[in-house]
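Participant: So that we are looking at the same thing, I have put the structure below in structure tokens.
The values are calculated or read from the model by the stated rules, or taken from the named source; none is laboratory data. Just so we're clear, the structure is a prediction, and the values are computed from it rather than from any experiment. Neighbour counts are summed over all protein chains in view; Cβ atoms, including those assigned to glycine, are modelled from backbone coordinates with ideal geometry. For the accessible areas, the whole protein counts, side chains as well, though only heavy atoms, and no ligand, DNA or RNA atoms are used. Shrake-Rupley method; radii C 1.70, N 1.55, O 1.52, S 1.80 Å.
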Amino acid sequence: MAPKAEIEIDAASALDRGARSRQEDALATSFAQGAEIGFAVLSDGMGGHAAGDVASRIIVAEIFADLTLRIADPDLSETNIPKLLRSAANVANHRIRARIKAAPETAGMGGTVIVAVILAGRLYWISVGDSPLYLYRDGRLSRLNDDHSMAPQIDLMVRKGLIDPEIGRNHPQRNCLTSALTGDEISVIDCPDEPFALQDGDLVLVASDGLQFLPDERIELVLSRAAGVRSASIANALIAEVAALGDPEQDNISVVVLKVSNPTAEVRPAGWLSPSTMLRAWSGAFSSTRHLRTRS
């Protein structure tokens, strides 16, 4: 592997059902003490009565297991991480296909997926769907990954003056996905070959689109208070801010907060990750569920 960087990752996550009757988000993270590499997996299920909650759990479980096994390989080359991520996504997609074949009543189930891998201060990711990967740096929030929904196309039409801005903001097809893990061929995958270099003080957010009920300015406001605060407090503050909206259509919310620091108070082994070790995946009933948000 490439030379290590002296980086600590404080990782935490939080989930909330919002105003929905089911929790269709699932997540899991692995940032073990002393490990050179850590990762987070998040999926937002789709399919409603076709078991979106089951789909998201299958996706997270399959990818988490696959990455855990492959990352343990002492011969793993950093240049192979993007290939490894694409392979894991395909494994999960095949598992969805097998589930639908075994239970035809679940046809239409699927989910988004986003995986963030941090190795010695370098961020790799893969994403399919509209779940956002955010970077908060120097007081500004930016999205790192592509949005595989109709929203970017609708926003482009607004910028070109083809539709009214108000119509664009409330367009009924904004949340229709253009790519997802459904067991069929994956239409679009965002998985850069080159990593993104992280800096001391960066915050990385892996989230479901339920967090986007908050405008970027309000997310920035919450994150602006993050100095000296642990990632668990930041995750809970984001969930609380969404809840304060009181939106009767509030989607499920899930977020993983990865706080990057470069300690100077004492010498640490290069590549050392903080003792914040967390493995969390939502586990609920495998009963069919009612889908309450438009997705293609």
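Participant: How would region 1-119 be classified by its alpha-carbon gyration tensor: rounded, prolate or oblate, with rounded meaning a/c under 1.5 and the a/b versus b/c comparison settling the rest? Working shown, then result.
Facilitator: Values: a/c = 3.37, a/b = 1.66, b/c = 2.03.
Taking the square roots of the gyration eigenvalues as a ≥ b ≥ c, region 1-119 is oblate.
Participant: Sticking with this structure for a sec: Quick one: order Lys259, Lys101, Lys83 from most to least accessible surface, probe 1.4 Å. Can you show the working numbers first?
Facilitator: Working: Lys259 45, Lys101 175, Lys83 145 Å².
Accessible-area ranking of Lys259, Lys101, Lys83, largest first: Lys101, Lys83, Lys259.
Participant: For the pair Ala107 and Ser142, how long in nm is the line joining their label points, each one 7 Å along Cα→Cβ?
Facilitator: 4.5 nm
Participant: When all protein chains stay in place, what accessible area (Å², nearest 10, 1.4 Å probe) is found for Glu166?
Facilitator: Surface accessible to solvent at Glu166 totals approximately 90 Å².
Participant: Using a 1.4 angstrom probe on the protein heavy atoms only, could you order Glu241, Glu24, Glu217 from most to least accessible area?
Facilitator: Glu217, Glu241, Glu24
Participant: While we're on this one: For region 12-64, with only Lys/Arg (+1) and Asp/Glu (-1) charged at the beta-carbon, what is the dipole magnitude about the Cα centre, in debye rounded to 20? Please report the intermediate quantities before stating the final value.
Facilitator: On the way: 4 positive and 7 negative charges, 37 e Å.
Dipole of region 12-64, to the nearest 20 debye: 180 debye.
Participant: So, taking all protein chains as they sit and a 1.4 Å probe, how much accessible area belongs to Arg99, in Å² rounded to tens?
Facilitator: Counting only protein heavy atoms, Arg99 exposes about 70 Å² to solvent.
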